[in-house]
Every structure is written in structure tokens, then in C-alpha cells.
1. Tell me whether segment C:170-177 contains one or more residues that are touching a residue at least 12 places away in the same chain (Cβ under 8 Å), touching an Asp or Glu at 6+ places or on another chain (Cβ under 6 Å) and open to solvent by 60 Å² or more (accessible area, probe 1.4 Å).
2. Do we have any residue at all in segment C:280-289 that's touching a residue at least 40 places away in the same chain (Cβ under 8 Å), within 16 Å of D:ASN262 (Cβ to Cβ), facing another protein chain (nearest Cβ under 8 Å) and part of a strand (DSSP E or B)?
3. Can you tell me which residue in segment B:204-225 is most open to solvent (accessible area, probe 1.4 Å), limited to those that are more than 18 Å from B:PHE10 (Cβ to Cβ) and not in a loop (DSSP other than H, G, I, E, B)?
4. Just need a number here: residues in segment A:200-221 that are facing chain B (nearest Cβ under 7 Å) and not hydroxyl-bearing (Ser, Thr, Tyr).
5. Tell me, please, whether a residue that is of a type outside the set (Lys, Arg), more than 21 Å from the chain's Cα centre (by Cα) and at pLDDT below 95 can be found in segment B:71-89.
6. Return a yes/no flag: does segment A:187-203 have any residue that is open to solvent by less than 20 Å² (accessible area, probe 1.4 Å) and under 16 Å from the mean Cα position of the chain (by Cα).
7. In segment C:108-166, what residues are open to solvent by 10 Å² or more (accessible area, probe 1.4 Å), assigned to a loop (DSSP other than H, G, I, E, B) and in contact with a strand residue (DSSP E or B) (Cβ under 7 Å, 6 or more places away or on another chain)?
8. Give the residues of segment C:262-284 that are of a type outside the set (A, V, I, L, M) and closer than 19 Å to C:ALA236 by Cβ, sorted by residue number.
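The values are calculated or read from the model by the stated rules, or taken from the named source; none is laboratory data. Here the structure is a predicted model, which is why all the values come from computation and not from measurement. Cβ coordinates were reconstructed from backbone atoms using ideal geometry, including for glycine residues, and neighbour counts include every protein chain displayed. When the accessible area is computed, the model is the full protein with side chains, heavy atoms only, and any ligands, DNA or RNA have been set aside. Shrake-Rupley method; radii C 1.70, N 1.55, O 1.52, S 1.80 Å.
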There are 4 protein chains.
Amino acid sequence: MSFNTFGHLFRVTTWGESHGPALGATVDGCPPGIALTEDDIQPWLDRRRPGQNRHTTQRQEPDAVRILSGTFEGRTTGTPIQLTIENTDQRSKDYGEIARTFRPGHADITYHQKYGLRDYRGGGRSSARETAARVAAGGVARAALAALAPQVEIRAYMIQMGLKTIDRMRFDWNAIAQNDFWCPDPGVVAEWADYLQAVRKDQNSVGATVEVVARGVPAGLGAPVYGKLDSDLAAAMMSINAVKGVEIGEGMAAAALTGRDNADEIVMGADGPEYLTNHAGGVLGGISTGQDVVVRFAVKPTSSILTPRRSIDIAGQPVDVVTKGRHDPCVGIRAVPVAEAMMACVILDHLLLDRGQTGGVRGAIG
Amino acid sequence: MSFNTFGHLFRVTTWGESHGPALGATVDGCPPGIALTEDDIQPWLDRRRPGQNRHTTQRQEPDAVRILSGTFEGRTTGTPIQLTIENTDQRSKDYGEIARTFRPGHADITYHQKYGLRDYRGGGRSSARETAARVAAGGVARAALAALAPQVEIRAYMIQMGLKTIDRMRFDWNAIAQNDFWCPDPGVVAEWADYLQAVRKDQNSVGATVEVVARGVPAGLGAPVYGKLDSDLAAAMMSINAVKGVEIGEGMAAAALTGRDNADEIVMGADGPEYLTNHAGGVLGGISTGQDVVVRFAVKPTSSILTPRRSIDIAGQPVDVVTKGRHDPCVGIRAVPVAEAMMACVILDHLLLDRGQTGGVRGAIG
Amino acid sequence: MSFNTFGHLFRVTTWGESHGPALGATVDGCPPGIALTEDDIQPWLDRRRPGQNRHTTQRQEPDAVRILSGTFEGRTTGTPIQLTIENTDQRSKDYGEIARTFRPGHADITYHQKYGLRDYRGGGRSSARETAARVAAGGVARAALAALAPQVEIRAYMIQMGLKTIDRMRFDWNAIAQNDFWCPDPGVVAEWADYLQAVRKDQNSVGATVEVVARGVPAGLGAPVYGKLDSDLAAAMMSINAVKGVEIGEGMAAAALTGRDNADEIVMGADGPEYLTNHAGGVLGGISTGQDVVVRFAVKPTSSILTPRRSIDIAGQPVDVVTKGRHDPCVGIRAVPVAEAMMACVILDHLLLDRGQTGGVRGAIG
Amino acid sequence: MSFNTFGHLFRVTTWGESHGPALGATVDGCPPGIALTEDDIQPWLDRRRPGQNRHTTQRQEPDAVRILSGTFEGRTTGTPIQLTIENTDQRSKDYGEIARTFRPGHADITYHQKYGLRDYRGGGRSSARETAARVAAGGVARAALAALAPQVEIRAYMIQMGLKTIDRMRFDWNAIAQNDFWCPDPGVVAEWADYLQAVRKDQNSVGATVEVVARGVPAGLGAPVYGKLDSDLAAAMMSINAVKGVEIGEGMAAAALTGRDNADEIVMGADGPEYLTNHAGGVLGGISTGQDVVVRFAVKPTSSILTPRRSIDIAGQPVDVVTKGRHDPCVGIRAVPVAEAMMACVILDHLLLDRGQTGGVRGAIG
């Protein structure tokens, strides 16, 4: 990973600003012969799209993806795939104040300090809009996984919003797509809706925790010790806007466990080793075990709020910043499809990297 | 990061197995003209060295580092620096059982599955011994930082061991080096010692949480959006053995905060912008703010315990695994110097990367 | 360099096929604050554009570049710059035969063998049209060089076309832009025109030799030993379509020289060391000397000719291949602006890489 | 390639100076399960070793390689392989003059300018001694090729020494190893010996041309368009000390050919496509054709000669430089085993890279 590219062999470079003419992803290293058209990618973008439900920004963007290169007659050719999404809803407005002030909790000030100038329109490159390009690239990764490792399933969902958490006893995979929060516990949805409504009325915002699971990942993926599967997943998730923590398996809770409790005991199953528990989150020594790969991350509350916060302007003068405009009260909601996209990219990348180095041969057991 | 190398411009490749003849780090991209001898590196290794206190493995290794290349008359030349540490205490023993069985919670099984064979002696490449090479490389990074950004201070310490945590009210920087746990709260040290002794007697182990802080990091470091400073730090820390979660600033707790509370308000100080709080952990939009960079990570409990755990052998037959030998009951203790080394490497790398792209020029405020 | 990206810090990824909707370059790592609009890039593309003179393909493409990201108010922001060129002249035709046969000397067969399928329309990704994206990226590199190292001048020209060579005694920098061949010897232009006309009438094609010179490159650029300046230049030029040989300074002729003759003697000038000759082509030990960096490369004759050549089709059946359509009889002509673009990218990249590692500090002499 | 590492998946980092304690190569990404001991590497080093014949430097170095990591019970484990060679013949002497003066044609001055200091002993990092590490790494690559693509054969030889060339009509593969010049034409060996003796007596040196051929390379290797097989080979060969030009197939001579003559016509053979000629040197569009991969490069004459040359010292004062000591009159001789090593590394790397991206599947013909 360096600047705006991530991945070892499946390499994704995203480009574009929130209010520029377009944004997109240049996807290099995709295997050839994969069935791929815009129709394979668009549904994933539609899931992330703003304006989908009353809890996300009302900015209206069709987010229609175009494939400009890298496919021929509906199949990938092994050459770079250029994915482009036009920005259509670049609401013209007076940026005067935003151009000169730094919103607390935003990248306004650090972009200014690093680069000496910044595209302040809608946050420029630091806008969560950049994640649309990730979701598009994730669509390519999913198409490749569907061909090369069709048993892999990737699902993300929210397990916490502010002070509200789910009850794991009521976990229901089918519920996830049926509510505005990608919440797997249908019993809390109404409560969450009320809670978020109250937060919004209070001119405030809240954080969230997203969990993403990859099922069916074969054992053996990961490039120890600095391209470990969990190391790459941590980088991938931490690179998503507003993410402040990443966990694999037990995550931060592992600190409180004992070795006796944390050991995932192994038995021999019909198809190979089976684990009685999954404290490890599907990764040992940086290499996948064949169990579910389980990653969690925390998204901080949206910094753009209507409540005034103290800050300074470019002249160093004190200002009270109030961020008007269309902002998600809980940006974690839209991080859910992004998490799936990052997981898909990382899993595919390691599948390719592994068959490069080892040929994908596995040590026999039993 | 790919396979065994990390870093963009300051590139560290570690090599070596736990019980091979030697291990080390090939450090490429170090700036020239930096004062560097073995004496600048050895003290950091001595801090990590096993057998230092009664709470870590009693394996005795002098861990004496040699610089085989890249310096001349006590200064770096800009060419690769080869750091080598001989393994002297390779206690000869019968590995028969270890060679054929997979320890629960260990990388034994995944290395076998991925590579088809493994160096089972002492965990081979997946041993925590690999981190000695990181600490050596971190010594080089610290020497370069001392020359290029002498105001940078890097400190790590343990804030949690199993169920025991520190009291932040008693935080004392000076206490850290004065106890066996790198614990900044002198008030809990005796309790922690008793606790760990009990864990050991119970043939068990515990996890830990380590915090690492970089003070004096200039604003502007980080390469958004896939070489973000926090993204690289997450990858670096997650690559350390047994780490299961990484946090920046508020970390996972950010999920429960509101935007009002999480906003780090800004005022103008004598030397530039100042922040009233540091929920962000010193990073906004992947770029350093100039505040303390604060990273935390959880280390799982040592998997090698004397309590039998169920597993299988290479023939797929059930076995009860008991891991004898010299193992740390809390491997988190030795992760402390490793955390500092990784932080030093990442900060230096981003300092170089930033002056490469931007020339290190900063946007003026005020 | 890997797949479709080149460069260390100034990283260019080109994408697009000859007859797809568009092609372009994703330019990552450009320094911020550089004045850049389409007007800075278009003139370079116009120089390369087909249909410019009677000796190049008559395909008519406006090759109008659009900047989709990475600039704001006419300056680069340090974020990725997306450059797009639409393909407008995708003459619809029956590709039946081309789709099934392999042109001798073309990448048709190797793309088929490697990827299992290929975009056969106009050569797809292996078309020389890909070089338009390089020229666009080169325009960005030139803009950055103009700001960071304004003394650098880059010029390419043809010194040989088939059996015809220039007379170095008549070398005239000003003549280069004034003829259809980028030929610095005005005395041979008429003869070259006749020669090429005869070649074309004979349903044949010829090769060429291009020389590219960078003047004003500061001493000290290059990253020995595997990112040497000459090593990177060799890779860059060899990556241009149809290039079969690359030389630095004396090039292949160095084999016949003696050490006495080849030594570039050094004297002290007013502004530092001066060299009495430049056999080295401006590079010693992979690092620039401050002299002109002189690179030459040979372009093979266009493989697409009207003369029938023996080949096979996808069924393995023998066929006689005759390539109709708009093809350059000497593709080397259009390689001239491409050579300049590659040189600009490599020089800028090493300027950034060098200031990253060394801070651009130079050892004093005198 | 960047700084001191080359390769995409088979990544070789060389380290070490001419007169430091040791030098070596850190080889990362080697496939696991490959039979490898020092005995597989040492013979290749012995071929390169100085002091082997009367035409190369009489420096006596055993160049004994040690494997410090990455193998277990005689097989590679997939972890980094550390190869170390001690420098034993570091003849102690007064470097006073060399330390202050810059030899014309040497990297002395550019290393000084770039890094501000240099290890002047024996040329430091810019010494041809660095190539011993390449040859060791090449030994690993050969061992992996022997397992993964046993039909691949790699041979290098000298085809020109100064003004003397071979007669291709007398080309004899078996002669190569039987003379001091790796010369495939036994008819010129005596003449070359006399010629080189005369050059040496004249206190002079000469250049050379080396050709390296890889036979049995499967069709389909190469990562267009910036990781083309020929692009990577050009970079690899140009990175060898003193190399000034690289050719693939017809090389620079391609400029003088016509399309009719240059077309490698294709017929269908029993095992697939066959080519009637090999002007392309086994590479089309950056991808191997299955024919012999043919690369040539020119090595400039050794700059270290006994004839005085004008130069300056670090104070900018004029000096006459005469380089005493043990220097090869034709350094091209020792470049032969280095060329083979680089070829082996590049072929293996692309084999791995290709199976990573495409899975090694090939498009069928016939």
C-alpha cells in the first residue's frame, strides 16, 4: 500500500474528489476470463449509495459505474479495469467559509498543513465519497472470487450504534438487508431508529461498530510476516474514513483472556481440521485457518454537526464552526458495504498472492 | 508491505527462524550520514531480551547485534544496513512430538497447510523471536529520527494485563522503566506480579494491552488514502505476533461517542494550532496533526501452556497438547519494546515519504 | 514497476485499449501546488497524435485530455490525477479475420496464450495507442519539473530510420520540430521522406533509432543498485511498444572501447565538476553526474504490413496474414514524444525519491 | 525494483560493501519445498569467483556462501532465505589517496555527491563484488526453476571482447565452459588471450559483449505493460556494474530492418506454434513466445587502469589518477555468471507472477 493504491497483485488505485467531475478506481491485476459487466458492480454501489434511506445523507447521486477498459465481450482480459463514476450532484454553493476554516475532527487542517492547499469542496479527497470507488473495485473482486473461490461469502453488518448494541442471541443473517442499519438483530431496529432520530434532532452524531465476516476462505492465505492476512485487513479497514480501531476475532478483548480459554481446540472433521471455537477470528500466524475470518472496526461519529465547535481559520483566528449541509448522523451505516468491498479485495489479493508463491498447494493432514 | 518487508522508503526486511543459526533485518533506504554503531542498537535489544526478568521466558540469548554493511566510519552511507543476531541458545532436544502435532492457537497448522512443511523448532519463523530483528531495525530508525526530527519521543507501556488495568490518574512516565511490566502505574505493580505468578502456577497465561505514544511528530505525515499514517500503524502493530486488535486515539470506544464529544476543538497557540483534546490520537484523515500519536493494541494470551488442550496431529489423529519449555506467561510484556520499534520505523518512513512527495513544506496557518 | 504501473514515488498507471471507450493514466504521487491544467498537457499529446503528417497513420483522433481529479483551481493537490482521453475514431468494421489469426511479430499470439482471450480490436492493450496515456502523464511530469527543477530540458529526436542515418556534424536542435521525422539533421529530411515513401509503396515498413537527452539534471539522482537511474530508464524505454534495445551513453559501442578512451576526465569548473567527454551518458554507478543524460533505443519495423506473411489461426491452421488498415510505415516517428514523456517521468520520480532518502543534500566538492 | 531490491514476487535484496565484513542477499518469496543447500549455490559462485583464471583480478576470495535462514532439512520453507558471504581478503592498505580523489568513469564522485560520504574501500557498494550476492540469489532461482520448470536452461557467454568478435558459424555450446572467456567460439580463444594480454601490458582495459539465452521458457510470461518480460530483463541487466546497453533479439539492429524481414513467421508444430526465425528474441508485446529468450548487453571497459587520467580531488584540485591494485582488464568476463543469475531470477519471478495473476492457464491453439 502506498499513496492511493492497495493490494499486492490485485491492485486498486482509487482517484477522485467529492465535488470533482468524477471519481473511480483503476483495478490492475485482475485475473483474465472473469465474467464482468457494469451489472455485476452496480448492485453493490446501489447498496452504498447515499439517499437510500432516511438515516443517511440526502445527497442524490445515481452513482452509475462505467467500465472504460479491461473487459471484452463481457469478460476481463487481464488488463487494467477502469471504473468511473460521475459526480452529478455537485450542488453549487458558496464555499467561502468552509474554504477558510478548519472543522474540528476533520482532515481539513491536516490536508492544508501537508499539501499547502486543499480542495475544500465537500471534503475533497478526504470525503467518504471516495469509498464509492472502493465499492466498485470490490464488485470486481467479488466477480473474480465468484469464479475462483465460489464458496466464499462476505457479509458485513452493524453491531453497535452509539450506545446501542445488538443482542447476539437474536442474530439473523436474513434480517441484515431488511432494515436501514444493516442490523442483524431485528429486535433493536425500531429502537435504533428512534435513537438516531433523537441524535439528529440534537444536532449531534454517533459512532458505530461494523463487523465483517468472510466465510469459506480456504486455509493458507496470508503472507507472513509483513503481509499477514490480518495485517492487511487491519490496514484496509483502518484506511476507511473515520475508522479508529480494528479487531480480528476476540480483538481488544483478547487482553483479558487466559490461554486456556483462548485456545481454539482442533478436532478432525470429515473434510479436514475443524475448530471448536473461533477466538482467532480465522487467522493464525497471519494465515487463514479455513474458519470464518471475522473483523470488526469502530467508526467515529460524523464530525460535521450542527452544534458549534471551537476552531480556527486559516489566518489563525478563532471561529465557531457549524457544519450545515447533508451529513450522515451515523456514517457507520454507509461503511457496511465498504467493509465488504475491502474484505473482498483483500481475500482475492491473497488468493492470487498465495498461488503465486506456493501454487496453492496445501500440506496434507490425515 | 509484502511478504517479509515493510515500509515505503525506509524498508525493513526481517529474516530468520527461532532455532536457525541467526536472524536479522536488512534495512534499505536509511538516509546517509546518520551516526550509527552497534552501540546505538544494542540497548534497545537488551530491553526486549528474554531472561531479563522473572516474568519472561528464561531462554538466555545475548542477542548481540552486528552491523555487516551500510555504515562507514560510524555513519550510515545510504546503502543497505544488514543487522545480524546469532542464535546461541538453540537448546538441542527431541522435537518428535512438536514436529507432528499442532498446538491450538499457534501457527503450526497454518504454516503446515500453506507451505506443506515447516521449521517446527521453536516455532520457526512464527516465533516471537522474529521481533528481535524488528527491535534492531527500530534502533536504526531511532538513530535516523534523532538526526532528522530530534524532538520525536517514542514510548510504549502496558496498560492492562489479563483482568488487571492501570489507574490513569497515577500515570507516571518515569515508572515505566522501573518495573518488570513496563507499567506506568507504580501502584499496581505488586498486584500484577502476584497475579502473573498465580496465572503461571495455574499452568495458564494471560493477554495484555500495550499503548505506544509518539510525541513531537510534526503535522503532515501520512499518505492518504491507502498509505495513511494510521493505516500503516495498524498494519505494523497487527503484524506483531499475537496481536488481535489495534486502536488509534479513542479506538473501539469511538463507536459509543457523539460527534459533539469527539470533536477535538482547535485554538491558536504560540507555535501554531493546538487541540484541546486528543480523541483522534494525533491522526486526522490519515495525516498527523502534530499531537501525540497514540496507538494501542491487544496481545492474546500465550498459546503455549502446560494445561492440556485438544488438537490433532499430522495424521489427523486426536492428541492432547501440553506445551513444555520456556514460555512467557504474558507475551505482551516483551511486545512493549517491539511496539516502540514499529512506531519508530513507521514515523521515519513517513517522514521520508512526505519529504519525497511534498518536500516537507507545510501550509501556513496564521 | 509491476503490471501497469511504473515509478517509485511518481507512480503512473496507464489503462485502456485501442478501441475501447477511452484510455488514460492515473498519476499518483505528484507533488502538490504545481500549476496544471489541460492546456499544460494537450500540446504534448498533439505532438504525438496520429494523422499529424503524411508519414504516420491517418487514424484521426483529437486525443483531447481531460483532468478528472487531483487539481483544484489550476494547481495539483497531491492527490491522484486522473487523465482521460476518449477514443472517438473507433471505426466499426468486421474483425472476423483478425479475431482468429495471429499477426507475425505482433503480441496477438502471446496475449492469447497468456490470458486465454484478447481484445483483438486494433491490438487492444498492446496497441501503440497506449502511449498516448504515457504522453499525458509525461505532461504532468514536465509541469512538476518546471516547478521543481526548471533547468531541466528534455528533447528526443530520430537519428536513424531504416538504413538512413543522420550526420552528427549537421546536428541542429532547432530543426527537430520543423520536419515530419523529428530529425535533427535538416540535410537528410528530403531523402528520408523519399525513402519512407518507397518503403510504403513496397508494402513494407522500417525500424528506427530514437535518442532522448535530458539536460540540466542535477548530479545525485538514482537509487543504486536496483533502482539505478539507467536501470529505470532502460526499463522505461524497453516498455515502449516495439523497442528492442536501449543504450546509455556509448551503449553497445562501449564493448569495443578501451578504458583509456572511455574515461570521462574531470576538471573543476566554476560551478563544480565538469567532464571533458560524456561516454557515460550522464550516469555513473547508476547515479546522475550532472551531465546530459543520453539514452537511445531502437524501434523495430511495424509488423502490420501489406505484404503477406505466413502464420496460423486459432485453430492451428496455416494462414497468410496481410494487415490492412491505417498503420505507420515507421512507428519510430511517433515514439519520439513518448521517449520524452518516459524520460520526464523517470527524472521527476528520481528527484522525489532522492529528496525522500537523502533530503537532496549534496556532498561538497571544492 | 527500488533501492536494493528487485523482483515482483521473487524478491532479492542484496547488501554489503566490497571491503566490509560480509555481503549477501535476502531472498524473499521463494516457493516452499524446493531442495536447497549451500551445495546448490556454491558452484555458481565458484564460476564467478575472482582469481579463477589469469585474466581476472587476483584477489583471492573463497566466496563461501552460508544459508542462515529459510530452509529446513534441506528444503525451502517459503520464508526469507538469507545468503551470506564473508569478505576474507580485505587487504589492509593505505586508502589515503583513493579516499580523496575521484576516479574517472567510476561511481566515486556520484556516490559522494548523492550521499555526502562514501565507503571508498574497494569501491564500497559500487564494487563489482556486489554481483557475488546476485549469483548466490541466482542459485536459489535456479533451484526453484529446476523444480517448477525443469526444461528451462540458462546459458551466458561472451561474443565480443574489445575489437574481437566471435564467428557465429563456429558456435559451440560445449566450448563455453572450457576457456577463460566463456567464449562459444573455440577458434578465437588463443587470439583473445593474446589480445587481452596486450591490453593489460598497455596499462589499459577493454569492454565486452555478453549474450544470455534462456531456453525452454514457456509462452505467456511477462506482465504488460510496465512489467513486461523484456522491460524487466533490460532493468536487470542494466543494473549490472558497467553495463551501458541492453538488447533483446535483434536489439539495436532492429532499426535497420524492414517489417518483411523482421516478421517471425509462424507454423503449427507437433507441440504448438513454432517460429521460423527469432528476430523477436523470444518476447512479443512483453510476453514470452516460447522461443529462446535472447538478451545481449555491453560492458564498458574497466575504469581502473594504470594509465594516468585527469581528475579532481574532494577539494576540487586537479589530480592525475592512476588506479593500482588488482583489477580485471576486461570486467565483462566476470559478468557472464552474473547475467545468468539475473536471467534466472527474472524468469522465476515472472513464472510466479504469472501463476499469481492467470493461474498459469494458457489459451489453446489448435
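1. Yes: segment C:170-177 contains one or more residues that are touching a residue at least 12 places away in the same chain (Cβ under 8 Å), touching an Asp or Glu at 6+ places or on another chain (Cβ under 6 Å) and open to solvent by 60 Å² or more (accessible area, probe 1.4 Å).
2. Pass one, segment C:280-289, residues touching a residue at least 40 places away in the same chain (Cβ under 8 Å): C:281-283, C:285-289.
Then drop every residue that is not within 16 Å of D:ASN262 (Cβ to Cβ), which leaves none.
No, that holds for no residue.
3. B:ARG215
4. Number satisfying all stated conditions: 6.
5. So far as segment B:71-89 goes, yes, one or more of its residues are of a type outside the set (Lys, Arg), more than 21 Å from the chain's Cα centre (by Cα) and at pLDDT below 95.
6. Quick first cut of segment A:187-203, residues open to solvent by less than 20 Å² (accessible area, probe 1.4 Å) only: A:188, A:192-193, A:196, A:199.
Okay, now just the ones that are also under 16 Å from the mean Cα position of the chain (by Cα), so none.
The answer is no; no qualifying residue exists.
7. C:LEU117, C:ASP119, C:VAL152, C:ILE166
8. C:GLY281, C:GLY282
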